[in-house]
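Scroll down for the structure; my scribbles are underneath it.
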Amino acid sequence: GIMRVVRDLPPEELNDFEVYSNDSLKSTFDKMALIIGSAGLIISAIALVTAGVGVMNIMLVSVTERTREIGVRKSIGARSRDILIQFLLEAVFIAQVGAVIGIVLGVAAGDCVGMLLKVTPIIPWFWIGAAVATCGGIGLGFGAYPAWRAARMDPVEALRFE
């Protein structure tokens, strides 16, 4: 009512202004944050699956290139479990190298932005731990098939492989 008086609006005219409360601005901000967070989650999931497929391809090539080595190890007494663990550890290592590179680049970019905005940079230890754990899981999950394939090789056939 006060705004209509200040703006000299007759009773039959529509309002030529809008009033926003803190609650409406907060709800709008919350909706935008939810949309942006959901988009970030979807993009991150796609990136992690893509990285996992990359780890799997690297490990499959490694298994193929090292078929004779696997045959030699099995022929001198290595158990399938030993081969499986070896290739799983290699897959996890590859994924952890990616985690370390991502963490270093992320912290460096955050520190640069922090310096530009003149705020104290922080190191997000929880999220670093989450990244390391997630990448370890990606290495285990996507390295399981190549490791299983290496562990199931017949030593005689593996030694004949050229």
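The values are calculated or read from the model by the stated rules, or taken from the named source; none is laboratory data. Being a predicted model, the structure only gives us computed values, none of them experimental. Note that each Cβ is placed from the backbone with ideal geometry, even for glycine, and that neighbours are counted across all protein chains shown. Surface areas here come from the heavy atoms of the whole protein model, side chains and all, with no ligands, DNA or RNA. Shrake-Rupley method; radii C 1.70, N 1.55, O 1.52, S 1.80 Å.
In table form, for the structure just shown:
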{"item": "Near pairs, Cβ below 9 angstrom, 6+ apart or cross-chain, from the stretch 19-41 (within 30 Å of R7 (Cα to Cα) and of a type in the set (V, I, T)) to any residue that is surrounded by 10 or more Cβ atoms within 10 Å (Cβ to Cβ) and at pLDDT 90 or above", "result": "none"}
{"item": "Residue check, P146 modelled with pLDDT under 90 and touching a helix residue (DSSP H, G or I) at 6+ places or on another chain (Cβ under 8 Å)", "result": "no"}
{"item": "Test result for A158, open to solvent by less than 70 Å² (accessible area, probe 1.4 Å), among the small types (G, A, S), at pLDDT below 90 and in a helix (DSSP H, G or I)", "result": "yes"}
{"item": "Enumeration of residues in the stretch 60-73 that are hydroxyl-bearing (S, T, Y) and surrounded by 14 or more Cβ atoms within 10 Å (Cβ to Cβ)", "result": "S62, T67"}
{"item": "Output for the stretch 105-151, where each listed residue is assigned to a helix (DSSP H, G or I), more than 30 Å from E69 (Cβ to Cβ) and open to solvent by 100 Å² or more (accessible area, probe 1.4 Å)", "result": "L105, M115, L116, L117, W125, F126, W127"}
{"item": "Tally of residues being without any contact (Cβ under 8 Å) to a residue 24 or more places away in the chain, open to solvent by 40 Å² or more (accessible area, probe 1.4 Å) and within 17 Å of P146 (Cβ to Cβ) across the stretch 74-84", "result": "1"}
{"item": "Selection status of L88, within 20 Å of W127 (Cα to Cα) and either surrounded by 11 or more Cβ atoms within 10 Å (Cβ to Cβ) or in contact (Cβ under 8 Å) with a residue 60 or more places away in the chain (or both)", "result": "no"}
